[in-house]
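Structure, as structure tokens:
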Amino acid sequence: MASISDNLMRFFKSSSNQTAGPAIPQKLSRRSSGMGEISRLLNSQEGLCILDMGSTSANNIRYFTGKGHKNYSEDLLRSSLDPGLRIQDGSGSLAIDSKKFLEENLVYPNAHFDVVLCWNLPDYMEESLVKPTIDRLWSVMKPGGFLLAFFHTRDAGPDSTCYRYHVTDSDMLDMQEVKFAMPGRPGSERQSPRLQRVFNNRHIENLFRDFVSIKFFLARDSMREVLVVR
Amino acid sequence: MDVSQTGNGAHIGKSVVIKGELSGSEDLYVDGNVDGKIELRNHSLTIGPNGNVKADISAKSVVIQGKLDGSINASERVELRKSALVTGDVTTQRIAIEEGAFLKGKVDVLIEASKAAAPGS
């Protein structure tokens, strides 16, 4: 019969063995009804113009171009953190120059894109940029084009992780935490952007009021998906 | 493998500034400033971590670790390392992008001639 001390030794050994190994990153994914609809469109047509506004994803580029579509990447959240966009407003406090932002970003001909993947950009972007960005997207999208965006519900909480999304050949999206160097911080210090606000349904409808139709999908992970038709 | 690792080819150091057209028939490593056009056709170009290039690039393969403002036309492959900041369109057969790389532009991945010719591939 083993003594109490032997058992204790075995317990501590097994505990230390469990913590000694390297942490295995957990692969996260989520089902997306909106992406399911976009996937059907991508599979049924060729030569679509797609704008991916998430963090640059080699996987997405390969997926879209492999299906014969044209892929445009523009990481608007990262571009919006450019310190050169900061100006002093009338009260002397720092604000983002939305005019300059749109002179440098989303510069495309009118009616150019069939599909825009906005992902969770509106929730993490500086508030003053959201409406001008959506208005610019309206201009660069073709009539009948689709836009997919994700919005957090109030249940998500302010520390909700910012993800980038990798498309798969189904309605599942692989998720990866977004981290990058923030302005005013050392380049080696990478942080995840913080949720700026939570839009309610009326805000979302107002945001896309110039579009033809808007469809909401309520997901289980405190997210609402919005599929908008230009 | 990029030019800095092989030790072959020409090297433009980080204090060098070049304005104009660069063309050559050997691999090139740019860690300085180039403003103009780079044409290497059957050779590789690497933009090092200190490289700041404003040029349209034409080469066999391109590896970017620094900053590029201009288009890339690579007959074989393009590799964007995690520190890459690229604003411009990319046309290539193969592309690899490390996490953290920034790309703003259109990507055209051309189908390899051998694959396109192979029936049922």
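Nothing in this text is a laboratory measurement; each read-out follows from the coordinates by a stated rule. Note that the structure is predicted; figures quoted are calculated from it, not measured. Here the Cβ positions follow ideal geometry from the backbone for every residue, glycine too, while neighbour counts run over all protein chains shown.
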Measuring from its Cα centre, chain B shows a charge dipole (+1 at each Lys and Arg Cβ, -1 at each Asp and Glu Cβ) which, in debye to the nearest 20, is 140 debye
Stretched fully, the stretch from B:Lys82 through B:Ile18 gains (0.36 nm per residue minus C-alpha distance, one decimal, in nm) 20.5 nm
Violations at 27 Å Cα threshold for listed pairs A:Lys142/B:Lys104; A:Lys99/B:Lys37; A:Lys100/A:Lys142; A:Lys99/B:Lys82; A:Lys67/B:Lys106 -> A:Lys99/B:Lys37; A:Lys99/B:Lys82
GluC sites (Glu not before Pro) in the stretch B:63-112 lying in a DSSP loop, each with at most 15 other Cβ atoms within 10 Å of its Cβ, come to B:Glu98, B:Glu99, B:Glu112
With the charge dipole of the stretch B:3-112 built from beta-carbon charges (+1 for Lys and Arg, -1 for Asp and Glu) about the Cα centre, the Cα from B:His43, B:Leu85, B:Val107 projecting farthest to the positive end belongs to B:Leu85
Residue separation between A:Thr168 and A:His203 times 0.36 nm, minus their alpha-carbon distance, gives in nm 9.6 nm
Rounded to the nearest Å, the spacing of the alpha-carbon centers of the stretch A:196-212 and the stretch B:1-77 is 45 Å
Of the convex hull drawn through the C-alpha atoms of chain B, the volume per residue in Å³ is 97 Å³
Using alpha-carbon positions, the gyration tensor of the stretch A:52-126 gives root eigenvalues a ≥ b ≥ c; with a/c under 1.5 called rounded, otherwise prolate if a/b exceeds b/c, else oblate, the class is prolate
Summing -39500 (n - 2.57) over every DSSP H run of at least 4 residues in the protein assembly as shown and dividing by its residue count gives a helix-only mean residue ellipticity at 222 nm, to the nearest 500 deg cm²/dmol, of -6500 deg cm²/dmol
